[in-house]
1. Filter the range 27-37 down to residues that are assigned to a helix (DSSP H, G or I) and closer than 22 Å to residue 160 by Cα and give me whichever is modelled with the lowest pLDDT.
2. Only one residue in 157, 163 is among the aromatic types (Phe, Trp, Tyr), in a helix (DSSP H, G or I) and either at pLDDT 95 or above or surrounded by fewer than 15 Cβ atoms within 10 Å (Cβ to Cβ) (or both), so which one is that?
3. Of the numbered conditions (1) at pLDDT 95 or above; (2) among the β-branched types (Val, Ile, Thr); (3) more than 19 Å from residue 203 (Cβ to Cβ); (4) over 17 Å from the mean Cα position of the chain (by Cα), residue 110 fails exactly one; give the number of that condition.
4. Report, by residue number, each residue of the range 114-141 that is buried (at least 18 other Cβ atoms within 10 Å of the Cβ), out of contact with any helix residue (DSSP H, G or I) (no Cβ under 7 Å at 6 or more places or on another chain) and small (Gly, Ala, Ser).
5. Considering only residues that are over 12 Å from the mean Cα position of the chain (by Cα), modelled with pLDDT of 95 or more and of a type in the set (S, T, N, Q), which ones fall in the range 117-151?
6. If residue 12 satisfies every condition in (1) over 20 Å from the mean Cα position of the chain (by Cα); (2) buried (at least 18 other Cβ atoms within 10 Å of the Cβ); (3) in contact (Cβ under 8 Å) with a residue 40 or more places away in the chain but one, which is the exception?
7. So residue 134 clears everything in (1) part of a helix (DSSP H, G or I); (2) over 13 Å from residue 184 (Cβ atoms) except one condition, right? Which one?
Amino acid sequence: MIRAILEVLQPLAVETQVIVVDDDSPDGTAAVIREAFGDTEAVRLIVRQGERGLATAIARGIAEARTDLIGIMDTDFNHHPRYLPEMLKQLEGADLVIGSRYLPGGGMRTSRLRYLGSWAFNAFIRALLGSPIRDNLSGYLVGRSSLFRRLQDKDIYSGYGDYAIRLIYYALREGLVLREVPVVYEFRLGGESKTQFGRQLINYTRAVLALRFSRGL
């Protein structure tokens, strides 16, 4: 995945650094990164001790980034790097670009049921929060570092994928410019998903309701 990211961005002549945040995983992630990219300045490994969780790992990566543009993506090719050039292009005149499964040309190869379930939940988000965004659950994002700094005082990075709901919500509330580009979620090339659908549905619903009822405060 790291090699694919570097390869697809190399022709664009943009400053690139891939930050890998590893929660001291027993699967050997850190050792593999050190062996393959130990002498590569474009790859940085951060191993967290005693910390767990997707959202807080993303927050750490954002905090450590020193580039003007910051991308967030999964590492199993569910989010394919081939979309990065178009996402960077669409960032011109925008603050955040979202890889969306629900635009024409987008989709999800992995599971028709999960695709439809996520579509329905996005409809729920749009109805309750008045969001114009079609894919509020996308974890495939490219934004300006200024956007992340502007939102750093917001309580965004907790839980699991619900951080994306809060990030998009607060960005819209701040009047920032958001765009979506179609992407297709691919089959993962390794590992297994840590998402427990029932539990996350409850957590995501709580996150949406918390935002909805805080609007008048």
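The values are calculated or read from the model by the stated rules, or taken from the named source; none is laboratory data. Quantities reported herein were computed from a predicted structural model and do not represent experimental measurements. Here Cβ is always computed from backbone atoms with ideal geometry, including for glycine, and neighbour counts include all displayed protein chains.
1. So the residue we want is 29.
2. 163
3. If we test residue 110 against (1) at pLDDT 95 or above; (2) among the β-branched types (Val, Ile, Thr); (3) more than 19 Å from residue 203 (Cβ to Cβ); (4) over 17 Å from the mean Cα position of the chain (by Cα), just (1) comes out false.
4. 118
5. Matches in the range 117-151: 122, 131, 145, 146.
6. All conditions pass for residue 12, except number (2).
7. Among (1) part of a helix (DSSP H, G or I); (2) over 13 Å from residue 184 (Cβ atoms), residue 134 violates only (1).
This table checks each residue for (1) modelled with pLDDT under 95; (2) part of a helix (DSSP H, G or I).
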residue: 20; (1), (2): no, no
residue: 25; (1), (2): yes, no
residue: 39; (1), (2): yes, no
residue: 50; (1), (2): yes, no
residue: 60; (1), (2): no, yes
residue: 63; (1), (2): no, yes
residue: 67; (1), (2): yes, no
